[in-house]
Amino acid sequence: MSVAIVYMYRDDQEFEKSVVLSSFYWGYASSQILAGYLAARYGGRIILVCSMLGCGICTCMIPLNTSMRMVVAMRALIGVCQGANYPSQMILLSKWIPWFERSRALSIISAGESLGTIVALFGGPYLVSSTQSWESIFWLTGLTSIVAFAVVFLVLFEGPEAQRD
């Protein structure tokens, strides 16, 4: 969004830009406690895969309707979905990773998320210039999230005991 917003709004639309950019954090901050409860109650896997699918779908919806109301709503929903990532990851890590390796595992996950952000921020302008379409940022990241959802859905189990079933 940080790259696409440059193309979506004029330079004099600072208020609109700030509302759109902050709307992600409205959802993100508001969802973590509930997501933690749901992940503990129903399992980290289901919350994580729903989060990934929700992010992908909402991201793909943005270029279909670029009204400020729709973009803000989709960004807030993406924030809600992203807010579920850490709580569900913690539940899964507690089941899969021995306690003495969890900090390393979480560091690897966090580094991967940061690397993904760097790649997206660095590659976004190149994608826009090669396709002549700011919408391509949303299509690529949204579809990537949906593909990642499918992979995680197929290969990730709630815990080692669920994998044996």
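The values are calculated or read from the model by the stated rules, or taken from the named source; none is laboratory data. It should be emphasised that the depicted structure is a prediction, and the values quoted were computed from it without experimental measurement. Here Cβ is always computed from backbone atoms with ideal geometry, including for glycine, and neighbour counts include all displayed protein chains. SASA here: full protein model, heavy atoms, side chains in, ligands and nucleic acids out. Shrake-Rupley method; radii C 1.70, N 1.55, O 1.52, S 1.80 Å.
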*How many residues are open to solvent by 60 Å² or more (accessible area, probe 1.4 Å) and closer than 20 Å to Leu48 by Cβ when one looks only at the stretch 112-136?*
4
*Please work out which residue is nearest to Thr144 (Cα to Cα), limiting yourself to the stretch 1-10 and to residues that are open to solvent by 30 Å² or more (accessible area, probe 1.4 Å) and not basic (Lys, Arg).*
Met1
_helices (runs of 4 or more DSSP H) within the stretch 84-165 that include 1 or more residues of a type in the set (S, T, N, Q) and in contact (Cβ under 8 Å) with a residue 40 or more places away in the chain_ = 85-96, 135-155
*Restricting attention to helices (runs of 4 or more DSSP H) lying wholly within the stretch 1-66, give those where 3 or more residues are more than 18 Å from Ala120 (Cα to Cα).*
14-42, 44-61
*Identify all residues within the stretch 11-63 that are of a type in the set (Phe, Trp, Tyr) and either crowded, with 18+ Cβ neighbours inside 10 Å or at positive phi (or both); write none if there are none.*
Phe24, Tyr28
